Amino acid sequence: MIRTIANRFKWNAARYFTQTCSINSDASLCQNAASLKVDQLADIKESELKEISDPLKFPDYFGVRKLFRIKDLFDARIHYGHTNGTLDPNMKPYIFGSRLGHLIFDLDKTAEMLQDALNFTAHIAYRGGIILFVSHCPQHTLTVENAAKQAGEYAHAREWDFHIFTNSEKVYNGVTRLPDLVILLSTLNPQMQEHTAVKDAAKMCIPTIGIVDSNSNPNLITYPIPGNDDSPAAVQLYCNLFRDAILLGKSKKPMEVY
Amino acid sequence: MASSRLERIGNIYSRVRGLLRSGAMKPEDKPIWYEVYEAFPPKVEPQYGRKASEITIHPIFYPEDIVRAKFYERFGSPGLISLANNEYPTPCQKFLDRYKEMEKGFSDENELFEAVAKVMEEEKSVPESVSSNQPDNGTSMASMFSSAVSKSQPQPKINVGDLLTEK
């Protein structure tokens, strides 16, 4: 089985990619085993094959680093935090400074943490994990749900029922499978308190990725991303990035060899 | 299958690792994210009770802020500024560009400021200066009120009797 390698891909097209297409992210780094010819495959032992094609061995197997630049973060106003008075002390390491009382995030740190989070997302999608987008901000409900639809994953952008994770079998009246990753577009609910999903995911041993604004607490979140969670432009950018990372992960899923 | 719901103790990785080591969770039941987390751990380990670091947040100021302050004091605000539009420079930005160009010719800041202000006023790139003798140029409440008072004309006095007597 020979897969075609798309050397240059456009993101609009990637949304409609099925599993038959494969994307070559960094030719020098990734020797995708499936790109070798059929006769060569037969020579290599199965264990060696797994060695070459194990995505965990590569620092950026899916090429998530190319999904954004710091200028894109700046244009989407991700560096805007709230004011000095509402600063959560745990967010201090991620603040660049305060411009006349308004906190500004250090986009270098944000970019690094965003890359880690996107890489993690892509790997989970590659392994067939269920990803849940969570947000309680009514303004961004449509953005979040659309992103989840396009990624082929799930979203909960409405009011959170307390027992969804912790007592799921009772709530849904049957055997349930909880998500393998929760992506929080905002870690606060409209009452400015920590979203229940943060604590519940930590309880149920589900890793979380969360956009933490300057008034949020990042301690319980596995891969926090310090940044603005209130501007529609910022939320749109995050949704696009996570959707793209998931699609990247899914597109590289190993196909069954018949 | 065993699980641990103690979110305040350790983090999800340490709890699952503990369960696997002790045998409470079988290797087949290992969560999907476990190996990914081991390969790419977060830069800062999540921990519920981590104490916040003692970092002071520094205010962000630029050397140009002094010139900006002087500019707004002299010329006032042009009104609405669109922050999203990067095409057209605001009067203050134009002033700053000119200030930087002319910086080398002067040693005294005040002299340089006056010189730039003169040049820009001649070019009419800046609004007229806000000074106390011209209240109608200011945008503050006090100046608007005083300009309204000075502009208001005396009300014509209507004699109702005259209106009614004449036919």
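The values are calculated or read from the model by the stated rules, or taken from the named source; none is laboratory data. Keep in mind the model is a prediction, meaning the values are calculated, not measured. So basically every Cβ, Gly included, is an ideal-geometry build from the backbone, and we count neighbours across all protein chains shown.
Considering the range B:9-28, and only residues there that are surrounded by 14 or more Cβ atoms within 10 Å (Cβ to Cβ) and among the basic types (Lys, Arg), the residue that is farthest from the other protein chains (Cβ to nearest Cβ) turns out to be B:ARG17. Of everything listed in (1) more than 8 Å from chain A (Cβ to nearest Cβ); (2) more than 30 Å from B:ALA115 (Cβ to Cβ); (3) in contact (Cβ under 8 Å) with a residue 24 or more places away in the chain, the single unmet condition for B:LYS70 is (2). Does B:SER4 fit the bill of being out of contact with any helix residue (DSSP H, G or I) (no Cβ under 8 Å at 6 or more places or on another chain) and either surrounded by 15 or more Cβ atoms within 10 Å (Cβ to Cβ) or within 25 Å of A:PRO226 (Cα to Cα) (or both)? Answer is no for this residue.
Counting only strands (runs of 3 or more DSSP E) that sit wholly inside the range A:77-160, those with at least 2 residues that are more than 13 Å from every other protein chain (Cβ to nearest Cβ) are A:131-134, A:154-156. Step by step: first the residues of the range A:58-76, then only those that are in a helix (DSSP H, G or I) and either of a type outside the set (D, E, K, R) or at the interface with another protein chain (Cβ under 8 Å from one of its Cβ atoms) (or both), then the one that is surrounded by the fewest Cβ atoms within 10 Å (Cβ to Cβ). Which residue is that? Filtering the range A:58-76 for residues that are in a helix (DSSP H, G or I) and either of a type outside the set (D, E, K, R) or at the interface with another protein chain (Cβ under 8 Å from one of its Cβ atoms) (or both), the one surrounded by the fewest Cβ atoms within 10 Å (Cβ to Cβ) comes out as A:PHE74. Of all the residues in the range B:29-67, those that are facing chain A (nearest Cβ under 7 Å) and either assigned to a loop (DSSP other than H, G, I, E, B) or not small (Gly, Ala, Ser) (or both) number 20.
Just one of the numbered conditions (1) touching a residue at least 12 places away in the same chain (Cβ under 8 Å); (2) outside any helix (DSSP H, G or I); (3) farther than 30 Å from B:TYR13 by Cβ is not true of B:LEU83: (1). For the range A:37-51, indicate whether the set of residues that are among the β-branched types (Val, Ile, Thr), surrounded by 12 or more Cβ atoms within 10 Å (Cβ to Cβ) and at pLDDT 50 or above is non-empty. Within the range A:37-51, one or more residues are among the β-branched types (Val, Ile, Thr), surrounded by 12 or more Cβ atoms within 10 Å (Cβ to Cβ) and at pLDDT 50 or above.
One line per residue, one yes/no per condition, for (1) surrounded by fewer than 13 Cβ atoms within 10 Å (Cβ to Cβ); (2) under 26 Å from B:GLY49 (Cβ atoms); (3) among the hydroxyl-bearing types (Ser, Thr, Tyr):
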site: A:LEU100; (1), (2), (3): yes, no, no
site: A:ASP108; (1), (2), (3): yes, no, no
site: A:MET113; (1), (2), (3): no, yes, no
site: A:TYR154; (1), (2), (3): no, no, yes
site: A:ILE164; (1), (2), (3): no, yes, no
site: A:LEU181; (1), (2), (3): no, yes, no
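Looking only at the range A:132-143, decide whether some residue is surrounded by 13 or more Cβ atoms within 10 Å (Cβ to Cβ), closer than 22 Å to A:ASN228 by Cβ and free of Cβ contacts under 8 Å to residues at least 40 places away in the same chain. Checked the range A:132-143: at least one residue is surrounded by 13 or more Cβ atoms within 10 Å (Cβ to Cβ), closer than 22 Å to A:ASN228 by Cβ and free of Cβ contacts under 8 Å to residues at least 40 places away in the same chain.
Of all residues in the range A:201-218, those satisfying the criterion of being surrounded by fewer than 23 Cβ atoms within 10 Å (Cβ to Cβ) and touching a residue at least 24 places away in the same chain (Cβ under 8 Å) are A:LYS203, A:MET204, A:ILE206, A:ASN215, A:ASN217. With respect to the stated conditions, A:PRO224 is in contact (Cβ under 8 Å) with a residue 60 or more places away in the chain and closer than 23 Å to B:TYR37 by Cβ.
Could you list, in sequence order, the residues of the range A:219-233 that are of a type in the set (Gly, Ala, Ser) and surrounded by fewer than 24 Cβ atoms within 10 Å (Cβ to Cβ)? Quick ask: steps written out before the conclusion?
Filtering the range A:219-233 down to residues of a type in the set (Gly, Ala, Ser) leaves A:227, A:231, A:233.
Scanning the range A:219-233 gives A:SER231, A:ALA233.
Across the range A:66-76, a minimum of one residue is classified as within 23 Å of B:TYR37 (Cα to Cα), in contact (Cβ under 8 Å) with a residue 24 or more places away in the chain and not aromatic (Phe, Trp, Tyr).
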